[in-house]
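Here, each number is a calculation from the coordinates, and none is a lab measurement. Please read these numbers as outputs of a predicted model, since none were measured by experiment. Every residue, glycine among them, receives a Cβ derived from its backbone with ideal geometry; neighbour counts consider all protein chains shown.
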Amino acid sequence: MPPSDPSSSSAAPPARTSNPRIEGAAKVTGAALYVDDIGDDRFGSSLDTAVVVTSTIAIGRIRSFDLSGARAVPGVRLVMTHQNAPRLRKLTAVAMSEIGELLPLQGDRISYYGQAIAVVVADTMLAASEAARLVLVDYEPAAHAPAVTLADGADRLAPVKRAGMAAGETKKGDAFADYEAAPVKVDARYHCAPHHHNAMETSAVIARWDDDGGVTIRAAVQWHHLETLAVGQAFGLDLADRLPGYLARAALGREFAGKVRLTNMMAGGAFGRNLNPQHLLLACMAAKLNDRGVKLNLSREQTFTLLSYRAEVDQRLRLGADADGRLVTIIQEPDVAVGFAGSYVEPVGHSPLQVYAHVSHYLRHRVARLDLNAPGWMRAPGGSAALFALESAMDELAGKVGLDPLELRLRNHADVDPQSGKPWTRKSLHACYRAGAAAIRWHDRPKGGTPRADGRLIGYGMATSYESSLRFPASASVTLRQDGTVLVRVTAAETGQGIWTALVTITAESLGLPRSQIELVTDQTMLPAGAGSIASTGTFSNGTAIVEAAQMIKAKLFRQVMRDHASPLHRAHPGAMAIVDGQVRGPGNLAESVVSAMKRAREPITARATTGRNFGRDTKRKKASFGAVFTEISIDPWTMDLAAERMFGAFACGRIIEPAIARSQLLGGMTWGIGQALFEQSHLDRRTGRWINANLAEALIPTHADIRSIEAIMVEDDETWTHSLGMKGVSEIGVIGPAPAIANAIFDATGNRLRSLPLLIEQRFGG
Ligand code: MOS
């Protein structure tokens, strides 16, 4: 059992102890249930197995199928192709969701290699897999080769209106004139290779249609009610399952049953790819044709084409500065790859204009629609590409003006948000710079390229991290029961980030009750519509709804004890009461435990709150998380083998709810950043349009051998401008900073400026 938390409801938060993850023991002992662990018994009715068949050409059409071999396999129940698949309705575009444009099996057209073209349902996995292999397709391939890289699709580049929440084009002042006039200039191109999330779980969905026309689903999704909305819309279910139902749930906080009954399961990683999984629809479609439920499990290779990934980005970045290194202008021109359909554009413009003070800027995205599956949200969307370029260019600028890279950043510190001119809600970037620099002893570092005793060259690099902080609409309901226990109901997706544990901590703290008395239920569509686990906002968005419901509970409880003749607090003023360590305390030394007060209550106390309707926007201030990453690398001058010897990331991310979990998120993020720097790349066969390294053996990520020592420093940063909970987000900012810090350290060690991610060994030789 987790130790109970020393709670305090009113005073400033004390230095926190960390609580073990609620689901931790279950996960490490193998007891935790993922979708694929659900069989007939646990599901309550028999399930068939569904296997997807994917295209082996990139562009063209399907002339015909020969399904005789597949159908002849014993145990095969059906083969679904575009010829017999349920027709899906067009989906209203909903923020974050791309699925509306990617409806599977709706026609004979092939738009990318690995597109779903059939689903085989059989009574065993073996039969389904064997039959899937025997689905024969007569293709009519397009006459021309697919274009799958920005280089191949250069003639398709076109302007775009929006890239995520950023405008496609943004300008302030006359950036080009300022650039021409600037005495110091940096002008460089930076390239980021596409790569995939590669969560451990390959991702399964269970679906069964019920007698009342509803559908029962087991899946692991990041935003519960957006996924049920997608299913409700696609299959034309009742209003309760379509947009009016979603809005009533999300914006008005209503609770009602719908016909899409999703149990959201724990995920073996998500990172953005569980936002609009196509196979959720495929499983529902196959189940519709089958007379019982199906379980559809993707292969690792299929996750590369049926789930999303981070798109290729190629950008030109120009910085114009005065002779002292003060930025005058920033011109950033990213070209972004997008797939055959879908509106997601890697939002490179989300952050770079907010990082440093400057006078003028110009930022525009162009997109090339390629013969590929659609990219999507992936941990640190936009920012990881944007700041790789910006922070590399700042390092180049530091060299040109002869300033220490940290001094250059300090000189360009943005005291207000340069884009909007608004002050920050709270900015502790100076403290991050100080903490990171002190940890790595930045000011005492050896000269770049100094050989160590073993001959390896030492290099130091640093970069700023930045991630703007949002909040999404969330409803939660909290019930204080007569036995003094608390039930919290909110759809919150545990994707591995620790949100369950953090939400219990927030509840315990808000109510002044021990964690052991709190029960959290998050997985049912019946629950109030919580916010999704996206964009580093899940704990904050859902947490604020819980805090506000808890405040209502306390107000009700205090009035109740005031009126209660049997309570020692009878007639005490509710405004003078607080709950501390499970005790309602009033003026003087009057106190009664919550458990004892609730024993006499006629009924449980329930409250529901909806927060974040304005998406955390504030007309007066801009809110963001800040950080600074410092690294020391060593590099072998003969083999160019590189190790991240030490990396410190110092982050100011608002109030930290669970220190161990937050640290784990930041370290995980930094490890992604190191992966982005050194390894992560999904290779495409330009002849066929196929993702080549679609397996965990060849999709390289960093291991312990690549990172000798890594630490996240959490800079105290209590952020209460937008909400008393005081939070920002910790999940994604860790990714932003490590890649440019390593690129800058490679330059420091070798004099080679590498501008193409990943910074492969062959690049490090320079030349
Ligand atoms: Mo995150 S890319 O919003 O899962």
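At what distance in nm do the modelled label points of Ala32 and Ala453 sit from each other, each positioned 7 Å from its Cα along Cα→Cβ?
The two pseudo-label positions are separated by 4.2 nm.
Per Stokes-Einstein, at 20 °C and 1.002 mPa s, what whole-number D in µm² s⁻¹ belongs to the range 267-390, with the Kirkwood radius over Cα pairs as the hydrodynamic radius? Please list the in-between numbers first.
Working: Rh = 16.8 Å.
So the translational diffusion coefficient is about 127 µm²/s.
Using 0.36 nm per residue, how much length does the chain from Asp123 to Arg563 gain when fully extended, once their Cα-Cα distance is taken away?
Working: separation 440, 0.36 × 440 = 158.40 nm, distance 6.28 nm.
Length gained, Asp123 through Arg563: 152.1 nm.
Between their Cα atoms, which of Lys27/Lys295; Lys171/Lys447; Lys259/Lys623; Lys259/Lys728 are more than 29 Å away from each other? Please list the in-between numbers first.
Numbers: Lys27/Lys295 22 Å; Lys171/Lys447 39 Å; Lys259/Lys623 38 Å; Lys259/Lys728 35 Å.
In this structure, Lys171/Lys447; Lys259/Lys623; Lys259/Lys728 exceed 29 Å between Cα atoms.
Out of all Cα-Cα pairs in the range 28-99, roughly what percent, to the nearest whole number, are more than 14 Å apart? Walk me through the numbers on the way to the answer.
Values: 2006 of 2556 pairs.
Here the tail beyond 14 Å accounts for 78 percent of pairs.
Would you kindly calculate the translational diffusion coefficient of the range 468-561, applying Stokes-Einstein with the Kirkwood radius from alpha carbon pairs, for 37 °C and a viscosity of 0.692 mPa s, and quote it in µm² s⁻¹ without decimals? Intermediate results must be reported in sequence, preceding the final value.
Details: Rh = 13.3 Å.
For these conditions, the coefficient is 248 µm²/s.
Relative to the compact-globule scaling 2.2 N^0.38 Å, provide the ratio for the alpha-carbon radius of gyration of the range 148-202. Before the final figure, lay out each step's value.
On the way: Rg = 17.2 Å, N = 55, 2.2 N^0.38 = 10.1 Å.
Normalised by 2.2 N^0.38 Å, the Cα Rg of the range 148-202 equals 1.71.
For the range 694-752, compute the orientation-averaged projected area of the C-alpha convex hull (one quarter of its surface), in nm². Walk me through the intermediate numbers first.
Numbers: hull surface 29.7 nm².
Computed as one quarter of the Cα hull surface, the answer is 7.4 nm².
Take each of the peptides 617-623, 143-149, 496-502, average the number of other beta-carbon atoms within 10 Å over its residues, and list them starting from the highest. Before the final figure, lay out each step's value.
Values: 617-623: 13.9, 143-149: 17.7, 496-502: 24.0.
Going by the mean number of other Cβ atoms within 10 Å, highest first, we get 496-502, 143-149, 617-623.
Count the net charge of all other residues whose Cβ sits under 10 Å from the Cβ of Phe540, scoring Lys and Arg as +1 and Asp and Glu as -1. If you can, show how the numbers build up before the last one.
On the way: positive: Arg471, Arg655, Lys728; negative: Glu719.
Charge balance in the 10 Å sphere: +2.
Taking every DSSP beta bridge with both residues inside the chain, roughly what % is antiparallel (nearest 5)? Mind dumping the intermediate values first?
Working: 101 of 131 bridges.
Around 75 percent of the beta bridges assigned by DSSP in the chain are antiparallel ones.
If I take R0 = 41 Å and measure r between the Cβ atoms of Asp324 and Thr17 in this structure, what FRET efficiency does the formula 1/(1 + (r/R0)^6) give, to the nearest 0.05? Show your work: numbers first, answer last.
Details: r = 46 Å, r/R0 = 1.13.
After rounding, the FRET efficiency stands at 0.30.
Just tell me which lysines come within less than 21 Å, Cα to Cα, of Lys554; anything on the same chain fewer than 8 places away is out.
Lys599
Express the relative contact order of the range 328-439 as a whole percentage, based on alpha carbon pairs under 8 Å and six or more residues apart in sequence.
Values: 146 pairs, mean separation 32.5, N = 112.
Relative contact order, the range 328-439: 29 percent.
Place a +1 charge on the Cβ of each Lys and Arg in the chain and a -1 charge on the Cβ of each Asp and Glu, then give the dipole magnitude about the Cα centre in debye, rounded to the nearest 20.
Working: 83 positive and 78 negative charges, 390 e Å.
About 1880 debye.
Return the tail of the calculated pair distribution for the range 350-495, meaning the percent of Cα-Cα pairs more than 22 Å apart. Display every interim value, and only then the final one.
Working: 6384 of 10585 pairs.
Percentage above 22 Å: 60.
So what is Rg over Rh here for the range 422-508, counting just Cα atoms and using Kirkwood for Rh?
On the way: Rg = 22.9 Å, Rh = 18.5 Å.
That ratio is 1.24, to two decimals.
Quick one: plug the Kirkwood hydrodynamic radius of the range 525-571 (C-alpha pairs) into Stokes-Einstein at 10 °C, 1.306 mPa s, and report D in µm²/s.
Translational diffusion coefficient: 123 µm²/s.
Cα extents of the range 198-278 along the three principal axes, largest first, in whole Å?
Extents along the principal axes: 36, 30, 19 Å.
Between Asp155 and Ala188, what's the calculated FRET efficiency when r is the beta-carbon distance and R0 is 25 Å? Round to 0.05. Please list the in-between numbers first.
Numbers: r = 24 Å, r/R0 = 0.95.
According to the calculation, E is roughly 0.60.
Stretched out fully, how many nm does the piece from Asp618 to Arg63 gain, at 0.36 nm a residue minus the Cα gap? Walk me through the numbers on the way to the answer.
Details: separation 555, 0.36 × 555 = 199.80 nm, distance 5.45 nm.
Length gained, Asp618 through Arg63: 194.3 nm.
Starting from one equal scatterer on each C-alpha and no solvent at all, send me the Debye-based log10 I(q)/I(0) for the chain at q = 0.05, 0.07, 0.08, 0.09 Å⁻¹, two decimals.
Debye output, listed in q order: -0.27, -0.53, -0.69, -0.87.
Run the reach check for Lys620 against aspartates and glutamates, Cα to Cα strictly under 18 Å, same-chain hits fewer than 8 apart removed. What comes back?
In chain and number order, the partners are Asp415, Asp417, Glu719.
Averaging over all projection directions, find the projected area of the Cα convex hull of the range 609-674 and quote it in nm² with one decimal place. Could you put the intermediate results ahead of the total?
Working: hull surface 28.3 nm².
Dividing the Cα hull surface by four gives the mean projection, 7.1 nm².
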